[in-house]
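**Student:** I'd like to ask some things about the structure below.
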Amino acid sequence: MSFTESHIKESIEILEQLNVATIDKMVELLVDLKASGGRLFILGVGGGAGHAGHAVNDFRKIVGIESYAPTDNVSELTARTNDEGWETVFASYLKGSKLSSKDMLLVFSVGGGSLEHNVSPNLVRALQVAKEVGAKIIGVVGRDGGYCAQVADACVIVPTVNSGSVTPHTESFQAVVWHLLVSHPALQGNVAKWESIK
């Protein structure tokens, strides 16, 4: 079997194993967030940061939820990193945004964050701030879900079907899940452009 065939086969296996009930719980939480006028803060580093910027657009434009990604503001991101440190960059952003119990975090991370292993400690610190103020937490993560899976109200863990492809599969399915969310009939406020053309 070629690499391409294997990758596609693994993707099909992951699709068949995704936890539908968890995704539906995320929909419910986002419906409540939208109804209450809360804000959505989308966090990720590396590929997750790229996803965060794209997802902000979709949640704002398609769903109508006020949404932000700290990584979209490179000036503030780098100033906070330089002056305060990488570990607290998201936590300080959330505090500056006056994160409250009306708001929600959405995390895109391969490992979900771990202080023990010093992997994505900035995500862990942000999640701790969210817990302190009572904000809801949802996430799409890989591996065992890390700290995000431990504290989230709903967290999709992308199944590991090949330990050598955890990152590409996790990041691929983060996009699948958030596009499912923004196109869900319970959330979609505006029809996407191509879908509006008959």
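**Student:** Note the full-extension length gain between residue 83 and residue 117 as 0.36 nm times their separation in residues minus their Cα-Cα distance, in nm to one decimal.
**Tutor:** Here the answer is 9.9 nm.
**Student:** If you don't mind, another one. Please identify, among 12, 62, 138, the residue showing maximal mean-square fluctuation in a Gaussian network model of the chain using a 10 angstrom Cα cutoff.
**Tutor:** Between 12, 62, 138, it is 12 that shows the largest mean-square fluctuation.
**Student:** Could you give the distance between the Cα centres of segment 103-127 and segment 146-198, to the whole Å?
**Tutor:** Centre-to-centre (Cα) distance: 17 Å.
**Student:** Now for a separate question. Select from segment 129-198 those GluC sites (Glu not before Pro) which occupy a DSSP coil region and have at most 16 other Cβ atoms within 10 Å, ordered by residue number.
**Tutor:** Hits after loop and neighbour filter: nothing returned.
**Student:** Taking H placed 1.01 Å from N in the peptide plane, check which residues at least 5 places from residue 137 or on another chain put their amide H under 5 Å from its amide H.
**Tutor:** Amide H to amide H, under 5 Å and 5 or more residues apart or across chains, residue 137 pairs with 105, 153, 154.
**Student:** If you don't mind, another one. Of all DSSP beta bridges located in segment 3-190, what percent are antiparallel, nearest 5?
**Tutor:** 5
**Student:** A further question on this structure: Of the candidates 45, 176, 141, which one comes out as most mobile in a Gaussian network treatment of the chain with C-alpha springs shorter than 10 Å?
**Tutor:** Looking only at 45, 176, 141, the largest GNM fluctuation is found for 176.
**Student:** Please say if segment 30-118 is rounded, prolate or oblate, where rounded means a/c under 1.5 for a ≥ b ≥ c the square roots of the C-alpha gyration tensor eigenvalues, and otherwise the choice is prolate for a/b larger than b/c and oblate otherwise?
**Tutor:** Prolate shape, in that a/c is at least 1.5 and a/b is the bigger ratio.
**Student:** What's the Kirkwood radius of the chain in Å, using all Cα pairs?
**Tutor:** After inverting the mean inverse Cα-Cα distance, the result is 17.1 Å.
**Student:** Now for a separate question. Which lysines have a Cα lying under 25 Å from the Cα of residue 198, excluding residues fewer than 8 positions away in the same chain?
**Tutor:** Result set, ordered by chain and number: 61.
**Student:** Another question, if that's okay. Where is the GNM fluctuation largest for the chain (alpha-carbon springs, 10 angstrom cutoff): 159, 70, 168?
**Tutor:** Ranking 159, 70, 168 by mean-square fluctuation puts 168 first.
**Student:** Pull out a ≥ b ≥ c, the square roots of the eigenvalues of the alpha-carbon gyration tensor of segment 103-198, then state rounded if a/c is under 1.5, prolate if not and a/b is larger than b/c, and oblate in the remaining case.
**Tutor:** oblate
Throughout, read-outs are computed from the coordinates displayed, never taken from laboratory work. Since the model is a prediction, treat every value here as computed from it, not as a measurement. Neighbour counts run over all protein chains shown; Cβ positions are idealised from the backbone, glycine included.
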